[in-house]
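Below: one structure, written as structure tokens.
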Amino acid sequence: MPKAGTSPIRPMDLLRQSLEKNVMVEVRGKRVYSGILEGYDVYMNLVIRNAGETIGDESKGIHSRVLVRGDNIIFVSPSGGEMN
Amino acid sequence: MPKAGTSPIRPMDLLRQSLEKNVMVEVRGKRVYSGILEGYDVYMNLVIRNAGETIGDESKGIHSRVLVRGDNIIFVSPSGGEMN
Amino acid sequence: MPKAGTSPIRPMDLLRQSLEKNVMVEVRGKRVYSGILEGYDVYMNLVIRNAGETIGDESKGIHSRVLVRGDNIIFVSPSGGEMN
Amino acid sequence: MPKAGTSPIRPMDLLRQSLEKNVMVEVRGKRVYSGILEGYDVYMNLVIRNAGETIGDESKGIHSRVLVRGDNIIFVSPSGGEMN
Amino acid sequence: MPKAGTSPIRPMDLLRQSLEKNVMVEVRGKRVYSGILEGYDVYMNLVIRNAGETIGDESKGIHSRVLVRGDNIIFVSPSGGEMN
Amino acid sequence: MPKAGTSPIRPMDLLRQSLEKNVMVEVRGKRVYSGILEGYDVYMNLVIRNAGETIGDESKGIHSRVLVRGDNIIFVSPSGGEMN
Amino acid sequence: MPKAGTSPIRPMDLLRQSLEKNVMVEVRGKRVYSGILEGYDVYMNLVIRNAGETIGDESKGIHSRVLVRGDNIIFVSPSGGEMN
């Protein structure tokens with residue numbers, strides 16, 4: 001149960017809160033897309049702007065916009081992937 | 001939350017906006033289809049015209065029209081895949 | 001958005017237009033079926049007549065009729081697969 | 001569009017027409033079942049009588065009856081698999 | 001079409017007819033379960049009593065009862081797997 | 001058909017009967033969870049208490065409670081896995 | 001059947017009880033996420049705060065927040081993964 005004063009954050013809430021912010025998205029096949037979240041739907045399909053694409057350790061360039069299919073997503077890190 | 005003056009772009013909106021424009025579509029198995037988006041449906045099945053097909057680094061020619069099944073799609077890059 | 005005078009072609013429209021015409025269908029596992037499209041359903045299950053089957057580079061003969069399950073399909077090229 | 005005088009054959013029509021006739025069914029994992037189609041459902045689950053089973057090139061014997069799950073089916077060849 | 005006097009057997013009919021009889025069930029990963037069918041549901045989940053389990057050629061013992069998930073099933077042979 | 005005096009046991013019945021009893025659950029990837037079944041849902045997601053986890057032949061310790069996702073389950077052996 | 005005085009715990013109940021507590025989540029591909037559960041939905045998509053990520057034996061750092069897609073989850077251990 002959440003502590004007094006907190007309420008749970010549903011996954012779709014998190015996506016909504018992340019609109020127009022940086023996200024890092026990892027997809028099956030060691031693919032990562034990092035950019036600004038422009039939109040999403042209930043299938044977790046995502047639209048990302050200025051999306052840098054890496055496969056493994058290799059940078060593949062930047063998509064001005066990309067639609068990433070939700071099926072293949074492993075995680076979405078709304079903080080843009082900066083890690084402590 | 002989107003900035004004032006912007007509104008989120010749902011994935012299906014992006015496909016609609018891309019009709020009759022160049023798209024690059026990557027599919028499982030290192031396949032890429034690049035051509036003009038002629039149509040789509042809610043399953044993300046796509047119809048692409050003058051669709052160049054590459055597998056890995058190998059060009060496989062051009063389909064005058066091809067229906068790409070949505071199930072296998074990793075991403076759709078509506079900008080036609082030109083990267084910065 | 002489509003240009004004035006054009007309208008988008010939904011994937012199921014393309015299948016309907018291809019009835020009684022040559023199609024090339026690629027299926028997971030490097031399988032290709034080429035023949036006359038006789039029917040289809042909303043799952044993209046296809047009925048193909050005089051369907052030549054190849055796996056990789058190996059021809060496996062011709063099915064007088066074959067029902068190809070939609071689940072495994074990668075693409076359908078309604079032009080019969082002739083490429084420019 | 002079908003030629004005048006012809007009408008498309010939906011996949012389920014083809015299964016219905018094949019009842020009590022020979023079919024060859026290929027399933028993922030290089031499995032083939034050949035026998036008399038006794039029944040089916042909308043999931044493409046099939047009941048086959050006197051079903052010879054082969055895996056790759058190896059014959060595994062005959063099931064007096066077998067229920068083959070539709071999920072794994074690649075194709076159903078209602079002609080019993082004789083090829084031209 | 002079925003011959004006069006015969007009617008098709010739907011897959012769920014076959015499971016119903018096999019209740020309290022021997023079945024052999026093959027599952028992905030070269031697993032086979034052989035025993036008495038006690039129950040099933042529409043997902044093809046099965047309850048099998050005195051179920052011998054083999055993986056490849058290796059016998060793994062007998063489950064007094066086992067629930068086999070339908071998702072992974074390749075085939076159900078209601079004859080208990082005896083082959084001609 | 002069941003013998004007189006017996007009635008079939010549906011898979012969900014078996015899970016219900018197994019509440020607060022030992023179960024052994026095998027999951028894709030050679031994983032096995034053994035413990036007390038505390039709950040389940042229609043997706044076959046399971047809650048197991050004092051769940052010993054093994055991967056292949058290696059023991060990974062005991063979860064005081066674990067939610068095992070139904071999607072990956074191969075079988076549930078309500079007898080706790082003791083085999084004859 | 002549960003013992004007198006106990007009632008079964010459905011998988012979604014367990015997630016609800018685990019809100020604002022430590023969970024360990026294992027995902028296909030040898031990935032583990034450990035942190036505070038902030039939210040979930042019926043697809044078992046999870047929001048985790050201060051989520052340490054490991055792949056195999058390698059620590060990948062900490063996501064301040066991460067949305068883990070339910071599809072790929074193998075198990076959720078609400079106890080935070082401490083094992084006896």
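One table, with the values for the structure above:
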quantity	calculated
Chain A shape via C-alpha gyration tensor axes, a/c threshold 1.5	prolate
Above-threshold pairs, the threshold being 25 Å between Cα atoms, out of C:Lys60/D:Lys30; C:Lys30/D:Lys21; A:Lys60/B:Lys30; B:Lys30/G:Lys30; A:Lys60/B:Lys21; A:Lys60/F:Lys30	C:Lys30/D:Lys21; A:Lys60/F:Lys30
For region C:1-77 versus region F:31-84, the gap between their alpha-carbon centres in whole angstrom	43
Average partner coverage of F:20-28, which counts Cβ from other chains inside 10 Å	3
Chain B residue with Cβ closest to the axis mapping B onto G, distance in whole Å	B:Asp71, 9
Dimensions (Å) - the protein assembly as shown, Cα atoms, principal axes, largest first	72, 71, 33
Contact order relative to length of region D:11-77, as percent, for alpha carbon pairs under 8 angstrom and 6 or more apart	30
Hz values of 3J(HN,Hα) by residue in region G:59-72 - Karplus curve (6.51, -1.76, 1.60), Gly and Pro given as x	6, 10, x, 10, 8, 4, 8, 9, 9, 9, 6, x, 3, 9
Amide H contacts of G:Ser79 (H built 1.01 Å from N, under 5 Å, at least 5 apart or other chain)	F:Arg65, G:Met24
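Laboratory data are not the source of any read-out in this text; all were calculated from the coordinates shown. What you see is a predicted model, and the numbers here were worked out from it, not measured in a lab. For neighbour counting, all protein chains shown are included, and Cβ atoms are generated from backbone atoms with ideal geometry for every residue, glycine included.
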